[in-house]
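Written below as C-alpha cells is the structure these notes are about.
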Amino acid sequence: MATISDSRSGGLARSVVNYDEPPVKSPPLLAVGPLAWVRRNLFHSWFDTILTLVSAVVIISVLSSFVAWAIGQANWAVVTFNMRLLMLGRFPVDAEWRVALLTAIGAFAVGMSLAVWLRVSRTIVLIVTLSLAFIFISASLITAYVPQSPSYVAAGNNEIVYSASNETPQAQLGFIAKAGETVSVRMADQYAANDPSLSGVYGFSDKAAALLANAAANRLDTAARIESFKAQLSSDLLTTGQRARLNTQLAKLEVPPAITETYTLNQTPIKIRILRGTTLEALATGTLTTGAPAIKVTLPADGWYVLEKIPADSEAKGAALLEVGGISPILERSFTVSGDLDAGGNITATSRVSQYIRVTDNFTTQEIRPAPDDKNVPMAILIDNAYRGNHTFPDFLRLFVAPFFDVIKVPLLIILIATVIGYISADLIDRFAPPSQKKQRTSRRVVTWLLIAFPVIMFGLVYGVGNVLPLTDTRRWGGLLLTIMLTVVAIIASFPLGVALALGRRSDLPVISVASTIYIEIIRGVPLITVLFMAQLLLPLVNPSLAEMPNVFRAMIAITLFNAAYLAENVRGGLQAIPYGQQEAAKALGLNSWQITMNITLPQALRVIFPALVGMVISLFKDTSLVTIVGLLDLTGTAQNIVTQTEFLGLRRETLLFITLLYFGISYVIAGVSRRIETSGAGATLLARKI
Amino acid sequence: MIDQQQTSPSNGEPMIICRQINKWFGEFHVLRDVSVEVAPQEVVVVIGPSGSGKSTFIRCINRLEEHQEGTIIVDGIELGNDLRNIAAIRREIGMVFQQFNLFPHKTVLENITLAPMKVRHTSRDKAEAKAKELLARVGIPEQADKYPGQLSGGQQQRVAIARALAMEPKIMLFDEPTSALDPEMIKEVLDVMKELARSGMTMLVVTHEMSFAREVADRILFFDQGRIVEQGTPQYFFEEAQHPRTKLFLSQIL
C-alpha cells in the first residue's frame, strides 16, 4: 500500500510517495494477554501497586473472617427450617399447589421467552444442569458419607452448678427418628479424663452437658488468668497502685477443684433404656460404665423414642457424660390447617396440628409426643440442645448444606423442567403452527400473550377466582410470594396510570395538564411510608366501605399510586427525548395525534427510558419491604418475625443474609435480562444512536 | 414502472394556490404576501438564502406551520382550522425532510406500511406489496427488513421518499432533502427525485442543488426575506435574472 502525504515542512509543499510495506509483527509479550492486563490494571504505577495490595489485604481479611463465621458459628438451620415461611408466609397448605403451579407456569414462560428471544448458549445450559446435579448429588453424598457428629447428654443424680446456672441431668430424653436408623449410647470417655479435654466438647449438647463443659472451660480460664496476673506481679514495671489493684483482683480469683473430679465424671454406672415412644416398650437395655462398649439399637419405625439414662445405683452421687449417636435436636411447629375464607368471608373450620421436625434433616413426624407418667417427656428441643463450640467443616456440610439442598432441590428441579419444557415447546409450536399473518414466529405471539396474561394468572391463582377457585385469606399471604405479588401488581397497575399522567402533563388542555402535574408533584413530595399509612388510615375515612378492603389490597393501591407518579416523570422524560421531527413526519403522513402517540412517540419513549424503568422495577421490588410497617409480612417482615421466635433468637444475621442474597439474586437477574433486552432488537439501534 | 396516477382538477385549475400568505414567528415577519400557483405535474424548485422563509413556506402547505393571513387551497380544498380539511390535505401531500425523520423503532417495511394501514386502512398484504414495489422503485428492495439505523444516509432518504409515496400523494414536498447527506450519497437521492419528476408528480422542492434545479425544475422561485423576489424558468433564472438580490445570490453560489 502506498501512501501519499502532502508535507509542508519548512514552508515547502512537496509530495512524498511511500512504497515501503513494513512487516506485520506479533505484539510484545507483555502487551497482550492476562499478564499484561494484570500489569496495566493492578500494578501500573507504585500508587496502583499500593492500592492493589491494601485492597487485597482488606478483602482477604474480611472474606476470611466471614467464611470462618459462616462455617464455624452461623446457624443456617434457621433458614432451612423457615424456608416455607420465607417463601410463602402462612399461605394455606392445601392451596400450596397453586403457588407450585404458578411457579411452573412462570418457569414455562421464561423457557419460551429464552427460546424466542435470547437463545441460551450451550455453556449456560451445561452450568445450570451441572449445578442442579451437584445439588442433588452432594445432598445425598453428604448424608450418606459424612457421619453426623454425636450429641452429648449428661446423666446422674448430681446437680451440676456453674456460675448462676444449675441443672440436674434429665432422666429421660424424647427424640424422633426414622425407621432403620441406629441409636448408640456410650460413655464419652474421650472428654471425661480431665478438664482440658472436657472443655473441648463440641456438638449438640444438652444443658447439663454444656454446663459441665463450660465449667471446665471456665476453670481453665481462671487458672490462666491467675497465672498471667502472677507473671505481671513478678515484673518490676508496675506502680504501687497497679500492683494493689492486681492483688485485689487476684484475691477474688480462685481456681475451683477439677470438674471431672467434683462430679466423679463417668465413674458411676448408668442404666440405659431405649423405649418406643408409643408403647413405651424397651427396645434395648444395658448398663454403661467407663470403657464399656456402646449400647446400640436399630429403630423399627418412624416416630418418637425415649432415651432413659439413670444411675444404676440410685443413691450414688456423680455424673456421666454420654455420647449419643443418632439423636438430633427437634423443633416443634404447630399450625392451623384449612383456614381459608369461605364464600361468606368467614374462616372455615380449623384444626391445630403439632409437628415435630428434626433440625438436621427436616424429618417430620406428627406422632403424639410420649408422656410416661402422664407427663410429657422432655424432648431434645433445639434451644436446650444447642451446638457447643465451632462447627467443623464436615458438621457444617452435614448440618446445614445437605438439609438446605434437600429443601431447595425439588422446587429447583420443577422449575428447571418447566423451563426446559417451555424452551422445547416454543420450537415445537413453530414447527407445527403456520407463521402468523404478521410473518412473526407463532411462538413469539404465544409467549407474548403468556407474559401479558401472567400477572392475571398469578393473581387468579394466588387470590382465587369467584366460584372456580376458593378465595384465599389475604392476611395469610407472606414471604417472597407477597413481595412478588406487591411488585408485579404495582408495576402492572401503575404502568397505564403513569403513562396516562405523563401524556396528561404534556397535554394542551390546561385542566388535564394542571391536574396531572399537581398529582405527580404531590405524590413525589411525600415518602412512600406516608402514602402507605394514608392508605391504611385515611382511606376508611373517605369511604367507610374501604375499611373492609384487605390490608394487602390497600397497600397495593398505595404503592401503585406512588409508583405511577415516578413512572409518569420517567415517561415524560422519554417523550421529551424524542426529536420533534418524528411527530412532524407522522403528521405529514396523515396520522392523527392519538395514532402518533401510540405508534411513534410512546414506543420510542419507552425504549429510551427502558433502563430507567428496570431501575424502577428493581427499586420497587425492594421498596415493598416497607409494607412491614403497616403489618404485612413480606420477605423482610417474615425474616424479622422469625428472629423474634424463641428458637431463633440471635440468628438475625443468618436470616438477614439469606434474604439479602434473595433480594440481590432476583434484582440481579432482572438487571441482567434488561441489559440483554437493551442490546438487542429494534431499540438497540435507537439507543445506540441516542448515545 | 411509473404508475403514479395523476388526477388533476378537471377544470385545469392549479394543484396548489397560495394567495397573499403572511406568517409571523412572534414579532418576526417570516412570510410576506407570498402568492404562488402550482400547476398539476409541475416541478417547482424553491431556492434562497437561509432564513429566507422557503422551508416555512412549504411547511405551511401541509399545515406543519400555520399561516396567519391569506389563503391556501390544495387540490380544491381550502386549508383552514377545519381538522378534516387538514387531514384530507395531508393525505394528498407527501413530504420528505432534511433529517429523514424515519421511525427508528420500525423496520423499513413497517415505516412504509404504517400510514397506509392506519390512515387509508389498506390491508397489510396490499400495503406490504406496495411498499416492496416502492422500495424497488427507489432502488433498495433488499433493505426491507432492516432498521433505519442500519442504513446509510442516502438509503434512509430514499426510504423516506418511498414512505411518502406509499400514501399515493398528488403532491410531494421536499425540504432540503440532500442537505444532511454526504456528497457521494446526494446523487442517488437526486436520481430518485428526477425519476419522480419525470413520472409526472407535482413537486415543490427546497434545495441548494443548482444542477438539479437547472435540469428538472419547470419553474424556480427565489425567496429572500420572506417574499418571492423573482421567479422563472431555469433558463431565465440562471441566465437572465434581473433582481440585484438574485444576482448577488447566484454570484455567491455558482
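Sorting the segments A:532-545, B:152-165 by their mean number of nearby beta carbons within 10 angstrom, highest to lowest, gives B:152-165, A:532-545.
Using only Cα coordinates, the Kirkwood hydrodynamic radius of segment A:183-319 works out to 18.0 Å. For chain A, the solvent-accessible area with a 1.4 angstrom probe is 52 square angstrom per residue. Each Lys and Arg Cβ is given +1 and each Asp and Glu Cβ -1; about its Cα centre, segment A:1-153 then shows a dipole of about 120 debye.
Taking the mean number of other Cβ atoms within 10 Å as a proxy for protection, how do you rank A:241-249, A:132-140, A:570-578, A:19-27 from highest to lowest?
A:570-578, A:132-140, A:241-249, A:19-27
Each residue of segment A:171-183 is assigned a 3J(HN,Hα), and the resulting list reads 6, 10, 9, x, 8, 10, 7, 9, 4, x, 6, 10, 10 Hz, derived from the Karplus form 6.51 cos²θ - 1.76 cosθ + 1.60 (θ = phi - 60°), x at Gly and Pro.
The H on the amide N of B:Val30, modeled in the peptide plane, is under 5 Å from the matching H of B:Lys23, B:Trp24, B:Phe25, each at least 5 residues off or on a different chain. Of the accessible area of chain B, computed with a 1.4 Å probe over protein heavy atoms only, carbon and sulfur atoms account for 45 percent. With one equal scatterer per alpha carbon and no solvent term, the Debye-computed log10 I(q)/I(0) for segment B:45-199 at 0.12, 0.17, 0.19 1/Å reads -0.53, -1.04, -1.24. Taking a label point 7 Å from the Cα of B:Ser152 along the Cα→Cβ vector, which residues of segment B:128-142 have an amide N closer than 17 Å to it? In segment B:128-142, the label zone of B:Ser152 (backbone N under 17 Å from the point 7 Å along Cα→Cβ) covers B:138-142. Taking a Cβ cut-off of under 15 Å around A:Leu51, the surrounding Lys, Arg, Asp and Glu residues balance to a net charge of +1, with basic ones at +1 and acidic ones at -1. Taking Lys and Arg as +1 and Asp and Glu as -1, the other residues whose beta-carbon sits under 12 Å from that of A:Ile429 total +2.
Basic side chains Lys and Arg get +1 at the Cβ, acidic Asp and Glu get -1 at the Cβ, and with that the dipole of the protein assembly as shown about its Cα centre reaches some 380 debye.
Rounded to the nearest 500, the 222 nm mean residue ellipticity of the protein assembly as shown from helices alone is -15000 deg cm²/dmol, with -39,500 (n - 2.57) taken per DSSP H run of at least 4 residues.
Remark on segment B:78-126: accessible area falls by at least 20 square angstrom from chain-alone to full-complex state for B:Arg90, B:Phe97, B:Asn101, B:Phe103, B:Pro104, B:His105, B:Leu114, B:Ala115, B:Lys118, B:Val119, B:Arg124, B:Asp125, probe 1.4 angstrom.
Whole Å is fine, so just give me how far the alpha carbon centre of segment A:347-419 lies from that of segment A:461-512. Using only Cα atoms, the two centres lie 37 Å from each other. Its alpha carbons considered, chain A gives a radius of gyration followed by a Dmax of 34.7, 122 Å.
Note on A:Ala453 and A:Asn18: the model spin-label points, each 7 Å out from Cα along the C-beta direction, lie 6.7 nm apart.
By the rule of a C-alpha distance below 27 Å, with chain neighbours fewer than 8 residues away ignored, the lysines paired with A:Lys409 are A:Lys178, A:Lys622.
Rounded to the nearest 20 debye, what is the charge dipole size of segment A:385-473 about its Cα centre when +1 sits on each Lys and Arg Cβ and -1 on each Asp and Glu Cβ?
Values: 9 positive and 5 negative charges, 95 e Å.
Here the size comes out at about 460 debye.
Pairing chain A with chain B buries about 2200 Å² of accessible area. This figure sums both sides and uses a 1.4 Å probe. Take each residue in A:580-587, count the other chain C-beta atoms within 10 Å of its C-beta, and the mean is 6.
Sorting B:96-109, A:40-53, B:28-41 by their mean Cβ neighbour count within 10 Å, with the most densely packed peptide first, gives B:96-109, B:28-41, A:40-53.
Report, to the nearest whole %, how much of the accessible area of chain A belongs to carbon and sulfur atoms, 1.4 Å probe, protein only. Before the final figure, lay out each step's value.
Values: 23090 of 35950 Å².
It is 64 percent, rounded to a whole number.
For chain A, complete DSSP H runs whose alpha carbons reach 15 Å or more along their own long axis and whose mean Kyte-Doolittle score is -1.0 or higher are A:46-68, A:96-113, A:122-145, A:207-234, A:402-432, A:442-463, A:479-505, A:510-524, A:551-577, A:610-623, A:652-678. Inter-chain Cβ neighbour count for B:160-167, averaged per residue, equals 1 (cutoff 10 Å, partner chain atoms only). Look at the dipole of the protein assembly as shown built from charges on Cβ: of A:Ala133, A:Ser328, B:Met201, the Cα furthest out on the positive end belongs to B:Met201.
Determine the per residue accessible area of chain B with all protein chains present and a 1.4 angstrom probe, expressed in square angstrom.
42
Amide H contacts under 5 Å for B:Asp224: B:Val229, restricted to partners 5 or more places along the chain or on a different chain, H placed in the peptide plane at 1.01 Å from N. Inter-label distance, A:Gln355 to A:Ser165: 3.0 nm, where each label sits 7 Å from its Cα along the C-beta direction.
Provide the net charge surrounding A:Ala515, with neighbours chosen by a C-beta distance below 12 Å and charges set as Lys +1, Arg +1, Asp -1, Glu -1.
Its environment carries a net charge of 0.
On the principal axes of its alpha-carbon atoms, segment A:225-288 has extents of 71, 24, 15 Å, going from largest to smallest. Listed cross-link partners B:Lys106/B:Lys194; A:Lys587/B:Lys170; B:Lys54/B:Lys247 are compared with a 21 Å cut-off, the Cα-Cα value being larger for B:Lys106/B:Lys194. Modelled spin-label separation between A:Ser64 and A:Ser513, with each label point placed 7 Å from Cα along the Cα-to-Cβ direction: 6.6 nm.
Here is the list for segment A:365-433: trypsin sites (Lys or Arg not before Pro) lying in DSSP coil, each with at most 11 other C-beta atoms within 10 angstrom of its C-beta, are A:Lys375.
The values are calculated or read from the model by the stated rules, or taken from the named source; none is laboratory data. Please read all numbers here as calculations on a predicted model, not as lab measurements. Counting neighbours? That spans all protein chains shown, and the Cβs are built from the backbone with ideal geometry, glycine included. The protein model used for the area step is the full one, side chains on, heavy atoms only, and it has no ligands, DNA or RNA in it. Shrake-Rupley method; radii C 1.70, N 1.55, O 1.52, S 1.80 Å.
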